[in-house]
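A.B. asks: Submitted below is the structure of interest, expressed as structure tokens.
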Amino acid sequence: RNNNISDNPERTMMAAGGTHRSPAATASWFQGAPCSKAFSTIIAALYVTAEMSKIHDVFVLDFDRAINDAELWRFVTCHLTFSSVGELLFGLLLLVPLMRRFEREMGSRKFGTFAVFSTCLATSWEILLSQILLPSSSSSTTTVADRASGPYCLIGSTLYLFHVFTPRLHPRFVAFLGFDFSEKALTYFLAFQLLGSQGLLTILPTLCGFVAGYLCTSNALPLKKLEMPDVVYRVCGRIGAPFMERPPPVLMAGLRRRQMQMQQQNMRQPLIPPPGAHFQGMGGAGGGGRMRTWMQQQGDQADGAGAGAGAGAGAGAAAQPPTQFQNLPPPPPPPEEVVENLTAMGFEREAVIRVLQQCDNNLEVAANRLLSEG
């Protein structure tokens, strides 16, 4: 290990007399989530526009106007703005962190497809159910919205992702009236506060979105594998280019420095025979020849620099006494509570234990890897 190279980029730059900030401090909060950034910006901008111009009734979904007057754009705009400042604050506080997290885990393309398909499915069911449960008051002279204005279908689908694919890291995060609640209870409380703002007008689209989220992620249905045409992704990529953020220069410099450090360590690290390999007569010419042959085979699989280092290590090993190789101890078994939290999400116990051992028993990292493998 080279002691001149530090694992912490900030410490390295401070030792060199620099004043740069750490990569975590310079990275944007929306880094890796351009769809979430664009959607939240559009929602806030449309609300400010509607509030200043007093045109909230233009964006809401009125079935009579949408069908009889051919104002089909209402089916889209009703998902892009809230009707009050309270719903705007609570809605963005609930939706944006969920979108940002799952977009980073799923990728912008896959998450965008999930958001579009789940919203379309939920909106179609909401229209059918609202005609039964919420009869329209067309006799009134004022405009009455047939649904609450806001992305409640998307809120429902992301709440499904949060409910199913987010593990409880702290099952006893807070206690109230003798009941223990995890850290997920804060998100649920915020959701109930938002959904209760307009009663059935907000509950119905959220429930439809929750069911649509299940159908779009179920392995038993083909909806999980559906994708939009490539031209749609290309157009969205061009339109959303202003919302794309490049990694900060300090972060890229740290990543390149880390890669160079790993390459230097690989070049200096001697090749070690497997545990079952035994060489007779290491001090003689025959043993040294067999050792060099094995080193040359390993060097063919590495790059030129690694091959040269392997040949030098093999030549030196011929004149040195044999080295006793020992296997590394197995990783500690994962805690049973962590295994139960992941198996409760639907994963097999064998896969949970295997991934936990690979992730050093880190619950959140193991959950993300299991989701990506599934």
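A.B. asks: Just to be sure, is P229 of a type outside the set (V, I, T), modelled with pLDDT under 85, under 19 Å from F114 (Cβ atoms) and surrounded by fewer than 13 Cβ atoms within 10 Å (Cβ to Cβ)?
C.D. replies: Numbers: of a type outside the set (V, I, T): yes; modelled with pLDDT under 85: yes; under 19 Å from F114 (Cβ atoms): yes; surrounded by fewer than 13 Cβ atoms within 10 Å (Cβ to Cβ): yes.
Criteria met by P229.
A.B. asks: Here's a check for you: in segment 49-60, which residue that is in contact (Cβ under 8 Å) with a residue 12 or more places away in the chain and not acidic (D, E) is least open to solvent (accessible area, probe 1.4 Å)?
C.D. replies: A50
A.B. asks: All but one of (1) within 24 Å of the chain's Cα centre (by Cα); (2) aliphatic (A, V, I, L, M); (3) modelled with pLDDT under 85 hold for I132; state the number of the condition that does not hold.
C.D. replies: (1)
Per-residue answers, yes or no, for (1) within 30 Å of the chain's Cα centre (by Cα); (2) among the charged types (D, E, K, R); (3) surrounded by 21 or more Cβ atoms within 10 Å (Cβ to Cβ):
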| position | (1), (2), (3) |
| --- | --- |
| S36 | yes, no, yes |
| S40 | yes, no, no |
| Y47 | yes, no, yes |
| D62 | no, yes, yes |
| A70 | no, no, no |
| F75 | yes, no, no |
| L80 | yes, no, no |
| M99 | yes, no, yes |
| E105 | yes, yes, no |
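A.B. asks: Can you run down the residue pairs with Cβ atoms below 8 Å, 6 or more apart or on separate chains, where the first is in segment 191-216 and modelled with pLDDT of 95 or more and the partner is surrounded by fewer than 22 Cβ atoms within 10 Å (Cβ to Cβ) and among the acidic types (D, E)?
C.D. replies: So the pair list comes out empty.
A.B. asks: In addition: Would you pick out the residues in segment 169-212 that are among the aromatic types (F, W, Y) and surrounded by fewer than 18 Cβ atoms within 10 Å (Cβ to Cβ)? Write out each step before concluding.
C.D. replies: First pass over segment 169-212, keeping only residues among the aromatic types (F, W, Y): 173, 176, 179, 181, 188-189, 192, 210.
The answer is F173, F176, F179, F181, Y188, F189, F192.
A.B. asks: I would also like to ask the following. Given the criteria on the phi < 0 side of the Ramachandran plot and either in a loop (DSSP other than H, G, I, E, B) or surrounded by 13 or more Cβ atoms within 10 Å (Cβ to Cβ) (or both), does L89 qualify?
C.D. replies: Values: on the phi < 0 side of the Ramachandran plot: yes; either in a loop (DSSP other than H, G, I, E, B) or surrounded by 13 or more Cβ atoms within 10 Å (Cβ to Cβ) (or both): no.
No; evaluated as a whole, the condition is false for this residue.
The values are calculated or read from the model by the stated rules, or taken from the named source; none is laboratory data. None of these values were measured; they are calculated from a predicted model. Neighbour counts run over all protein chains shown; Cβ positions are idealised from the backbone, glycine included. We work out accessible area using only protein heavy atoms, side chains counted, and drop any ligands, DNA or RNA first. Shrake-Rupley method; radii C 1.70, N 1.55, O 1.52, S 1.80 Å.
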